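Enquirer: Please see the structure below; I have some questions.
The values are calculated or read from the model by the stated rules, or taken from the named source; none is laboratory data. Not measured: the values here are computed from a predicted model. Backbone-built Cβ (ideal geometry, glycine too); neighbour counts: all protein chains shown. Just the protein is used for accessible areas: all its heavy atoms, side chains included, with ligands, DNA and RNA removed. Shrake-Rupley method; radii C 1.70, N 1.55, O 1.52, S 1.80 Å.
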Amino acid sequence: MHIILKKNIEAIQKEFDFDKSDSKLFELFCNFCIVSKSYLGRFNPDIVTTNEDDASIDGLCFIIDGELITTKEDAEQLFDTHKSNLEAKLILTQIKSGEKFAKDDIANFNIGVKDFLSLEPKLPNGELNKEMLEVFNVVLNNLKKVKNKLPSIEVYYCTSGTYNNEREIKASFEIIEREIEITELFSNVIVVPIGRSELTKLWNSITETNEAKLKLIEFFGMPPMPNIPQSYVALVNAKEFVDKVLRDESGNIKNEVFEENIRAFLGSTPVNKKISETLYNQNKRKLFSVLNNGITIVTPELTLTPNSKEIDLINYQIINGCQTSNTLFENYTHLDDNTNVVVKCIESSNEHNITDIISATNSQTIISNEAFYSLKEKTKLVQKYFEIKNSELTRDYHLYFERRENEYKNKDYQQSRIFDIKLICRAYNAMFLNQPFNSARYVSQIFKIQKDNLFKENDQEALYYTSALTLYRFNNLVNIKKHNSHKYVLLRWHILELFKIIAHKKFEEIKPNSKKANSYCDSIIKKLNSKNRDYEQIFKHCYKVIDLLPFPSKDVLKRAKYNQELLEIAKEYVKKL
């Protein structure tokens, strides 16, 4: 199973002290993530996970009026009140620990769902299934108290792989949705395929919660827009903003609220110095709200209380205004009751909308096009992969992927161990996209030539880590001039490509989205981290391959022809190893 998922599952296993098989742990993990989307209280995922004959259903529960309902008695008690217009939602899951979204498995799930929703199932059903059928009947007997006079249903099909939206698989899920709609039992039907990327996002949203209640001086609301149910422009006292939104319980700044910002705090730049100078000046600070562009916050859950002029933000991210926010924090002693800031609060969970908002609002200072790669979900997963690898190794073996500009500026990390977006893309392009000649060109060219092939949703994160680690090891040999490595520094990108061939003693086309890519990389990583420095001999072989051709000029090594000649020689060379 993928390393990031594995670590998350280990966390839930430890939290609930589960002693279960790997496949059952994955079921519990998925059910916990999915149910937590709708239910905010504490619960053990065991109570929503099937254990016996499950009729192709691995998890089910009802959420009624915000409460998790798993027994008939709970449902009856909830409806036996004066309350009406209660939201009722049925959640069903099917979970496969493998990586495939298989048509036959989805079809079996459809049979199980149809059988369950018949209310008189013929397939064998375990205790949880039977209990939930009784709850379902209680709901149907109380439809006059249910919002829209019908419950809603959410159906999830989970694997540990990646959903690629293939035509047949997409159609299989649409068939489930159609079959449920035909029953006319639900006001709204949602069928969702979920892979490891979506599971990781769900897990992070559960475990990394941040909340703030902000007092507003004035505000005005904007009309609802597609995927943006509500948004407000507000005037906020700067000290209030720092205290409620930026400062944690220890008095430090909450760096985690800038995760969706393209850049980290850049420090004493000309722009930030001007912001500070405004705050130093007693007269100018009164004008701060009109002199500064303001701050933009995006949150999946926003609640405004008009009477008290308070706004509640949950899991919020500051997507624009990182420099302003940090400068306000650093100049807190200069803030007073007359120092205000304009804050735009936007409620949205739609990834495309959020990306568009970030792109549109980050225009105050010049931002390179490659910086926008930091917004991709894949870059976040690659960074997480680096963090997990570091957690398994001593600090001498740590590497850091700086997803956002200046993210590690104030960290005590060796510069040679930090790989930014540009560097890691060049390394990955050379080693696994087999285009070292493009990596050798001017750095911005890589983003023009390969923009659609970098940080793709289906790429295995291990490929980016392996590329960085290989380059790091080579750079170390160059720095100490060992094995005359410094003589080959201009060919560093070609050496990355050669390294994988010689490490595996054969040339293989490894697709970035293939399962094999992980084991392929693991083998290379072991050599690169071996205590007896196995990798040094591999690099020496790379140099020998290069020496079999005339040493290229800077122009020649940027040509595909030279790379092709080098690969042909390498293929013959490894046959003799």
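Enquirer: Which FRET efficiency value, to the nearest 0.05, do you get for residue 171 and residue 13 by plugging their Cβ-Cβ distance into 1/(1 + (r/R0)^6) with R0 = 51 Å?
Expert: Details: r = 36 Å, r/R0 = 0.70.
For R0 = 51 Å, the calculated efficiency reads 0.90.
Enquirer: Taking N as the number of residues in region 311-350, what is its Cα Rg relative to 2.2 N^0.38 Å?
Expert: 1.38
Enquirer: Now for a separate question. Between residue 71 and residue 215, 0.36 nm times their residue separation minus their Cα-Cα distance comes to what? Display every interim value, and only then the final one.
Expert: Working: separation 144, 0.36 × 144 = 51.84 nm, distance 4.12 nm.
Separation in residues times 0.36 nm, less the Cα-Cα distance, equals 47.7 nm.
Enquirer: Something else about it: Across 10 Å bins from the origin, how do the percents of Cα pairs in region 388-534 run, short distances first?
Expert: 10, 42, 39, 9, 0
Enquirer: Tell me, what does the Kirkwood hydrodynamic radius of the chain come to in angstroms if you use every pair of distinct C-alpha atoms?
Expert: Details: mean 1/r = 0.0370 Å⁻¹.
It works out to 27.1 Å.
Enquirer: Sticking with the crude label model, points 7 Å out along Cα→Cβ, report the distance from residue 6 to residue 107 in nm, one decimal please.
Expert: 3.4 nm
Enquirer: Scan region 181-223 for GluC sites (Glu not before Pro) in coil per DSSP, keeping those whose Cβ has at most 12 other Cβ atoms within 10 Å, and list them by number. Don't skip to the answer; put the middle values down first.
Expert: On the way: sites: 181, 184, 198, 208, 211, 218; in loops: 184, 208.
Hits after loop and neighbour filter: 184, 208.
Enquirer: Probe of 1.4 angstrom, ligands and nucleic acids ignored: what's the accessible area per residue over region 224-293, in square angstrom?
Expert: About 54 Å² of surface per residue is accessible.
Enquirer: Still on this structure, I have one more. Based on the Cβ-Cβ distance from residue 247 to residue 411, what FRET efficiency comes out when R0 is 22 Å, to the nearest 0.05?
Expert: So, using R0 = 22 Å, E works out to roughly 0.60.
Enquirer: Taking a quarter of the surface of the convex hull around the Cα atoms of region 171-288, what do you get in nm²? Write down the numbers at each step before the final one.
Expert: Values: hull surface 50.9 nm².
Seen from a random direction, the Cα hull of region 171-288 projects 12.7 nm² on average.
Enquirer: Please work out how many pairs of lysine residues in region 110-199 are eight or more positions apart (or on different chains) and have Cα atoms closer than 28 angstrom.
Expert: 14
Enquirer: Provide the FRET efficiency to the nearest 0.05 for the residue 42-residue 490 pair, computing r from the beta carbons and using R0 = 35 Å. The partial results should precede the final answer.
Expert: On the way: r = 58 Å, r/R0 = 1.67.
According to the calculation, E is roughly 0.05.
Enquirer: Using Cα centres only, tell me the gap between region 1-49 and region 74-151 in whole Å.
Expert: Distance between centres, Cα-based: 21 Å.
Enquirer: Right, here's the next one. Any number yet on Rg/Rh for region 64-142, C-alpha, Kirkwood? Mind showing how you got there, number by number?
Expert: Numbers: Rg = 15.0 Å, Rh = 14.3 Å.
Using Cα coordinates only, the ratio equals 1.05.
Enquirer: Now for a different question. Across region 104-217, what fraction of all alpha-carbon pairs, as a whole percent, falls in each successive 5 Å bin from zero upward?
Expert: Final binned percentages: 2, 9, 16, 17, 16, 15, 13, 7, 3, 2, 1, 0, 0.
Enquirer: If you don't mind, another one. Against the longest principal axis of the chain, how steep is helix 22-38, in degrees 0 to 90 to the nearest 10, with axes from Cα atoms?
Expert: Approximately 60 degrees, to the nearest 10.
Enquirer: Once you charge only the Cβ atoms, +1 for Lys and Arg and -1 for Asp and Glu, what is the size of the charge dipole of the chain about its Cα centre, to the nearest 20 debye?
Expert: 3740 debye
Enquirer: Percent of accessible area on the chain owned by carbon and sulfur, 1.4 Å probe? Walk me through the intermediate numbers first.
Expert: Working: 12810 of 27540 Å².
Solvent-exposed carbon and sulfur of the chain make up 47 percent of the total.
Enquirer: Give the Cα extents of region 1-160 along the principal axes, in whole Å, largest first.
Expert: Reported extents, whole Å, longest axis first: 49, 33, 24.
Enquirer: Rolling a 1.4 angstrom probe over the protein heavy atoms, how many square angstrom per residue are accessible across region 89-208?
Expert: Details: 5610 Å² over 120 residues.
Accessible area per residue, region 89-208: 47 Å².
Enquirer: Here's something else I'd like to know. Heavy-atom accessible area of residue 1 with all protein chains present, probe 1.4 Å, nearest 10 Å²?
Expert: 100 Å²
Enquirer: Compute the normalised compactness of region 1-72: alpha-carbon radius of gyration over 2.2 N^0.38 Å, N being the residue count.
Expert: For region 1-72, the normalised Cα radius of gyration is 1.12.
Enquirer: With just the Cα atoms defining each centre, how far is region 383-461 from region 273-294? Give it in Å.
Expert: Taking the Cα centre of region 273-294 as reference, the centre of region 383-461 is 37 Å away.
Enquirer: Then there is this: Solvent-accessible area per residue for region 416-498 at a 1.4 Å probe radius, Å²?
Expert: Values: 2870 Å² over 83 residues.
On a per-residue basis, region 416-498 sits at 35 Å².
Enquirer: Same structure, new question: If you take the C-alpha gyration tensor of region 506-563, multiply each eigenvalue by 5 and take the square root, what semi-axes do you get, largest first, in whole Å?
Expert: Working: eigenvalues 137, 71, 15 Å².
Gyration-tensor ellipsoid for region 506-563: 26, 19, 9 Å.
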